[in-house]
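Worksheet for the structure shown next.
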Amino acid sequence: MPDNTWFNPYKLWSLKCLSSGPSQGIVFELDDQCVIKVPFQYPVGEGSTKEDQIDHLIMSLRSFQCFKQESRIYDLLLSNHNHNHNHSHSHSHSSPHPNILTRFKCKQVDCLVLEKIQPVREAWKTSTDRVRAMWMMELLNVVCFLEDLGYLHGDMTIVNIGIDKDNHLKLFDFGSAVHCQDEEYQYQIRDDQFTLATCIYFLATGKDPFEQADTTASVKSIRKSLQQGTFDLAPAAKKFQHVLQGCWSQKESWSFKELKTMVSDILGEQMEVYPTPTPTPPFPATTNQLSGSSVSTSVSLEEFPREEAWLNEEQYRNAWTKLGFDCSLYE
């Protein structure tokens, strides 16, 4: 069973950890505006049993993979933003997309410095129906944007959605993003639409269908009820029943743009007047690197030394291989 012997590329012990445990990466709070996301790895060979060792190896390789993919997505967003800016008259501080979590410029490698936002579960409690309707459309806007770039989010869950200080929705955690040329793309479309429907259901009702699921069996049971249309919808979600059931059943071949149109039609007058999110710099600089930034960071990343035991991916794979583990089996 995985334990807490993992470590990161930097010594971040003085910071508050916002992650419940190792997943794709570990997130620490830098200040009231920024967080730092880093990959993790378990010590080479660590584990009391062969099964534990394999679990640790798999999780560590997965963390490397997800960090590379998320960094690649943010680089793509920057490239796309710069290309569009060079061929348009857009403002120089426009964002790659107003509903994607902002990444800040950072000289250090092996980390992402990201905008700190409020979890949507918390923000929902004090929101109004009109704001929730806006959040739905913002979520659909950003998945359509990714679709135009040839990507699916790959892990569109409620915990990967947050609300910024201006009360707009932000999507984050792109480590599982899938490209249209990847083998699993067609399957992932249906899976992303299933999870998108679950997010829409939450935004409409404040309820997560899987919130009470505490075992693999209960998750499967709830998923089956959603797929078969036997799940008891909360009253606030009834008007979305056709869209929700189409996505949950995984039998429809809708594009995200079609879903956006359907939801927009359902919301109707709720969406007639709503401000566009204020554009923000795509990759603002922290104050210790560029003065005059609209975003302030009180903690200098230079304060955090590298972890001496940290290995890059090639070194890590080689070290496990020397112990007799075939890393290619655990990709």
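When the helices (runs of 4 or more DSSP H) confined to the range 192-274 are screened for residues that are over 17 Å from residue 143 (Cα atoms), touching a Phe, Trp or Tyr at 6+ places or on another chain (Cβ under 9 Å) and of a type in the set (Ser, Thr, Tyr), those reaching at least 2 such residues are found at 216-228.
Among the residues of this structure, residue 31 counts as one that is among the acidic types (Asp, Glu) and within 22 Å of residue 113 (Cα to Cα).
The residue of the range 226-247 that is farthest from residue 203 (Cα to Cα), among those that are charged (D, E, K, R) and surrounded by fewer than 14 Cβ atoms within 10 Å (Cβ to Cβ), is 232. How about the range 72-103: which of its residues are modelled with pLDDT of 60 or more, among the hydroxyl-bearing types (Ser, Thr, Tyr) and assigned to a loop (DSSP other than H, G, I, E, B)? The answer is 102, and nothing else. Consider the range 248-272 and keep the residues that are within 16 Å of residue 188 (Cα to Cα) and loosely packed, with under 15 Cβ neighbours inside 10 Å. The one that is modelled with the highest pLDDT is 255.
As for the range 183-190, it holds at least one residue that is at negative phi, without any contact (Cβ under 8 Å) to a residue 12 or more places away in the chain and of a type in the set (Asp, Glu). For residue 250, the conditions (1) closer than 24 Å to residue 132 by Cα; (2) in contact (Cβ under 8 Å) with a residue 40 or more places away in the chain; (3) not aromatic (Phe, Trp, Tyr) all hold with the exception of (1).
Give the range 1-53 a look and list any residue that's among the β-branched types (Val, Ile, Thr), closer than 21 Å to residue 326 by Cβ and touching a Leu at 6+ places or on another chain (Cβ under 9 Å), or say none. Step through it out loud before you land on a result.
So the first thing to find is which residues in the range 1-53 are among the β-branched types (Val, Ile, Thr), and the list is 5, 26-27, 35-36, 38, 44, 49.
This time we only want the ones that are closer than 21 Å to residue 326 by Cβ, so: 44, 49.
The one that is among the β-branched types (Val, Ile, Thr), closer than 21 Å to residue 326 by Cβ and touching a Leu at 6+ places or on another chain (Cβ under 9 Å): 44.
For the range 155-181, filtered to residues that are among the β-branched types (Val, Ile, Thr) and closer than 17 Å to residue 194 by Cβ, the residue that is surrounded by the most Cβ atoms within 10 Å (Cβ to Cβ) is 161. Taking the range 142-152 as the range and being touching a helix residue (DSSP H, G or I) at 6+ places or on another chain (Cβ under 6 Å) and either of a type in the set (Val, Ile, Thr) or buried (at least 21 other Cβ atoms within 10 Å of the Cβ) (or both) as the test, the residues that pass are 143, 152.
The values are calculated or read from the model by the stated rules, or taken from the named source; none is laboratory data. As the structure is a prediction and not an experimental result, all values here were calculated from the model. Every residue, glycine among them, receives a Cβ derived from its backbone with ideal geometry; neighbour counts consider all protein chains shown.
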